[in-house]
1. Residue 11 passes all but one of (1) assigned to a loop (DSSP other than H, G, I, E, B); (2) modelled with pLDDT of 85 or more; (3) surrounded by 18 or more Cβ atoms within 10 Å (Cβ to Cβ); which number fails?
2. Please enumerate the residues belonging to segment 48-63 that are surrounded by 14 or more Cβ atoms within 10 Å (Cβ to Cβ) and more than 31 Å from the chain's Cα centre (by Cα).
3. Listed residues 64, 60; which is farther than 20 Å from residue 15 by Cβ, in a helix (DSSP H, G or I), at pLDDT 90 or above and not assigned by TED's automatic domain parsing to the domain that holds residue 118?
């Protein structure tokens with residue numbers, strides 16, 4: 001069934017504003033963004049062949065999405081959910097993940113100071129009832145923009161500030177031209 005070619009053309013100002021508002025959202029799914037861009041281009045006067053060329057879709061697909069927009073507005077461009085197994089890491093799990101990562105383990109009554117993906121996976125499995133393997137948990141952490149890595153342990157808190165300052169002064173003096181042991185040796189050899 002071929003759709004008619006009268007699917008492009010002017011768009012009402014309210015619909016154009018709704019399309020523009022959705023396109024400004026950063027977390028818009030890529031497929032929905034592409035469909036909204038098609039509608040925007042059609043509203044600006046681009047023909048179906050031009051839209052198909054830059055979007056990489058067939059003209060038939062472009063006409064189908066433009067017709068869906070004409071019939072149902074921006075809501076029709078969202079598309080149906082992709083079938084498959086439901087996500088284990090739903091919004092509640094991700095919220096629990098955020099809360100756990102932002103909380104030091106000792107304050108939760110745990111016997112360690114640093115989260116590892118294995119420890120975090122076990123803690124979340126106990127609190128949420130959803131078990132996600134540590135490897136997949138690292139993927140989730142990356143998606144949530146958390147940095148994964150080894151903790152950096154230092155001994156700075158054990159150092160005496162006065163001694164550190166004295167050592168730094170001695171190093172600065174040794175590094176100056178003519179100062180320190182190398183300068184003294186040069187003076188002895190030249191004299």
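The values are calculated or read from the model by the stated rules, or taken from the named source; none is laboratory data. Please read all numbers here as calculations on a predicted model, not as lab measurements. Positions of Cβ are generated from backbone atoms using ideal geometry, with glycine treated the same way; all protein chains shown enter the neighbour counts.
1. (2)
2. Narrowing segment 48-63 to residues surrounded by 14 or more Cβ atoms within 10 Å (Cβ to Cβ): 48, 50-52, 55, 57, 59, 61-63.
Correct list: 48, 50, 59, 63.
3. Details: 64 fails: farther than 20 Å from residue 15 by Cβ.
When all the criteria are applied, what remains is 60.
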